[in-house]
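The values are calculated or read from the model by the stated rules, or taken from the named source; none is laboratory data. Please read these numbers as outputs of a predicted model, since none were measured by experiment. So basically every Cβ, Gly included, is an ideal-geometry build from the backbone, and we count neighbours across all protein chains shown. Protein only, heavy atoms only, side chains kept; ligands, DNA and RNA dropped before computing areas. Shrake-Rupley method; radii C 1.70, N 1.55, O 1.52, S 1.80 Å.
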Amino acid sequence: MIKPSRLSSFSANVVFSNEELLIEILLRLPVKSLVRCKCVSKKWSCIITCPEFTRLRVPCLNPARGLFLHCSSFLINPFHQFVSLSLENPIQAPFQKLSFVDDPSGIRILQSCNGLLLCCSFRAHGPNKNYYIYNPTTQQFITLPKPGGKRQISKVIFGMKLALDPWKSTHYKVVCTRRSDKAPEHYQIEIYSSETKKWRVSGPPFPARYDIGFQYTGVYWNGAIYWECGDNSLRFNVEHEKLEKFPMPCIGRSWDDEEMRVAYYGESYGYLHLVQVHSRQKLTFYNIYEMKNDGTEWFLKYEVNVEDVVAAFPHMIRHYLEPTDWHYLAMAVLCVVRGEKEEDDFMVLHIPRMVIRYNLRGHTFYKLCEFGNSTNDDDQFEEVDEEYEVPITLISLEFGWFSAFQYIESLFCL
């Protein structure tokens with residue numbers, strides 16, 4: 001009769017010697033366990049970090065598990081509030097402050113792209129600003145070389161954007177929009193490739209676009225970076241290195257009209273979304289548009305009325321403003337999240353002191369987290385009304401969609 005200890009040892013040897021069996025077992029482990037398993041041996045680490053293993057484990061797109069919210073701060077290293085998007089199995093924050101490298105200027109997030117974070121020095125400017133790629137799941141990071149090499153001191157950078165599709169390639173690219181060296185009042189695109197580990201100039205200079213915030217508004221989707229700017233929005237096809245305009249939702253009027261506002265713009269689960277609010281409609285009414293896969297046009301995906309949220313949390317109403325004022329409701333769309341099924345789709349809303357998950361199909365909503373007074377004691381403050389000379393309570397919001405970044409678990413190796 002074989003003793004249990006010998007049987008256990010024999011079973012372990014079978015697993016170690018049979019790579020196919022080992023892969024089948026590892027594929028069934030959660031991400032955090034896989035990260036720990038990398039320390040078992042070089043063989044296990046090679047299997048887990050292999051791009052083919054990643055494709056086997058996640059054959060399609062990975063949904064967001066949480067949001068990092070950048071908190072405005074006078075501290076050198078800013079605080080990031082983490083919100084788990086799961087109702088049944090909430091996950092813990094991977095970090096609150098970015099400290100993967102000792103940057104004396106602190107570190108902030110610029111973009112989230114399919115599991116990786118593009119970060120930069122928080123309080124540095126010009127040539128002193130560093131850029132990083134960070135995987136919050138594996139805690140790996142790299143420091144990007146600066147564009148232009150030895151001549152980088154003269155480079156004025158307007159924005160950096162990460163382009164990563166781990167299901168198509170084991171490499172990523174970073175697109176830099178900077179001032180042109182040769183043509184005044186023009187911008188130049190420069191591309192960094194993780195494959196060559198070098199920067200190179202892409203295409204000719206193009207006329208400066210001061211109306212586009214290249215640092216914060218760009219979204220990577222379907223092989224291109226999209227910068228939303230009304231009727232003059234731009235996209236850059238990373239593969240073909242082509243800069244072109246792209247259409248905005250056609251609703252009978254110009255998108256430069258003062259009666260319209262973009263409440264959110266972002267990507268989720270392989271879909272590009274734009275949320276629009278119209279002043280002629282109620283301010284609780286959101287139109288959620290989705291871009292067709294070929295990038296040719298938008299279509300209306302959801303019409304959402306969140307009056308029930310306002311009724312449940314009336315403290316968001318700014319009674320000192322007119323109901324037609326854009327800022328009458330202290331409410332912001334942080335993210336539109338697509339699921340494997342349409343009934344799993346939801347919108348993340350921020351109102352004073354809390355974050356809410358609003359289900360787009362069932363029209364139900366749940367409180368994801370509440371900040372209390374620990375995050376920001378200044379979400380309400382008093383000011384004197386000049387007409388009536390009485391104090392009124394002003395209500396502010398901490399976060400907007402520019403400061404919300406998706407957390408997607410990923411084993412992508414840097």
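Before moving on, here are some points about what is shown:
- Check on Y220, surrounded by fewer than 20 Cβ atoms within 10 Å (Cβ to Cβ), of a type outside the set (A, V, I, L, M) and farther than 18 Å from E297 by Cβ: no
- Residue match in region 146-156 (condition: part of a strand (DSSP E or B) and among the polar types (S, T, N, Q)): no
- Flag for K197 being of a type in the set (K, R) and farther than 24 Å from P166 by Cβ: no
Let's see how each residue does on (1) more than 23 Å from L349 (Cα to Cα); (2) out of contact with any helix residue (DSSP H, G or I) (no Cβ under 9 Å at 6 or more places or on another chain); (3) among the hydroxyl-bearing types (S, T, Y):
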residue	(1), (2), (3)
L29	yes, no, no
E52	yes, yes, no
N77	yes, yes, no
H80	no, yes, no
V83	no, yes, no
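- Pick from region 362-414, criterion assigned to a loop (DSSP other than H, G, I, E, B) and in contact with a helix residue (DSSP H, G or I) (Cβ under 6 Å, 6 or more places away or on another chain), ranking: modelled with the highest pLDDT: E409
- Considered as a group, the residues in region 158-173 that are farther than 17 Å from L243 by Cα and open to solvent by less than 20 Å² (accessible area, probe 1.4 Å) include one that is modelled with the lowest pLDDT, and that residue is P166.
- Within region 174-197, considering residues that are of a type in the set (K, R) and within 25 Å of the chain's Cα centre (by Cα), the one least open to solvent (accessible area, probe 1.4 Å): R178
- Residues of region 165-193 that turn out to be of a type in the set (G, A, S) and in contact (Cβ under 8 Å) with a residue 24 or more places away in the chain, as a count: 1
- Among the residues of region 337-344, at least one is open to solvent by less than 60 Å² (accessible area, probe 1.4 Å) and modelled with pLDDT under 90.
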